[in-house]
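Asks: My questions all concern the structure below.
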Amino acid sequence: MSTRWASGRPGFRVLREPETTRAPAPEPGHSHRAGLAEQAAAISAEWAPTAGRILLGVVFFWFGYHELVQPGRWTQYVPVVSESSSPAVVLVLAHGWVLFVTAAALVAGIAPRAAAAVASVLLLEIVISLAVTGLSDTALRDLGVLGLAVCLTGCKNQRLVLRG
């Protein structure tokens, strides 16, 4: 039997291989559950940005549609302008169209990061205009939706995207 030198340095004779410590054997079915959990995590990581983008688009469709159909119900949210004025209605209609077009881009996956950036700016404008009148549940909710839009702005790899 030949003698092996540890680390190639003289003086450290290894007469036998060191014992390895083994992890305890997994419970029956445990490795299967761990494998499923890893698969679910991988699928979630892959599809979560797409789901978030599409759901944000649905929210923008909803509000854009309602601003276009009933602008008078939304003029109270226009800052600085009297809510009963014609400019307030025009601003709500313009805002509704921007929401609607942004929603279409988000749902269809057309320039998703740019659409998310536009959504971030729109939501920042909404949060600021709501916060001017005081902090409310609506402003805090929209702040959370703004967080989603900002996160989507940084997502490079998304599914269901139209490529040029």
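No value in this document is a laboratory result; all are computed from the given coordinates. Quantities reported herein were computed from a predicted structural model and do not represent experimental measurements. Positions of Cβ are backbone-derived with ideal geometry, glycine not excepted, and every protein chain shown enters the neighbour counts.
Asks: If only Cα atoms are counted, what is the Rg of region 58-144, and what is its Dmax, in Å?
Replies: For region 58-144, the Cα-based Rg and Dmax read 13.0, 37 Å.
Asks: Now for a separate question. State whether region 100-164 is rounded, prolate or oblate according to the following rule on the C-alpha gyration tensor (a ≥ b ≥ c being the square roots of its eigenvalues): a/c under 1.5 gives rounded; otherwise a/b larger than b/c gives prolate, and the remaining case gives oblate.
Replies: Since a/c reaches 1.5 and a/b is larger than b/c, the shape of region 100-164 is classed as prolate.
Asks: Rounded to the nearest 0.05, what FRET efficiency do Val80 and Cys151 give with R0 = 30 Å and r taken as the Cβ-Cβ distance? Could you check?
Replies: FRET efficiency, Val80 to Cys151: 0.45.
Asks: Classify region 47-87 as rounded, prolate or oblate from the Cα gyration tensor: take a ≥ b ≥ c as the square roots of its eigenvalues, call it rounded if a/c is under 1.5, otherwise prolate when a/b beats b/c and oblate if not.
Replies: Prolate, since a/c reaches 1.5 and a/b exceeds b/c.
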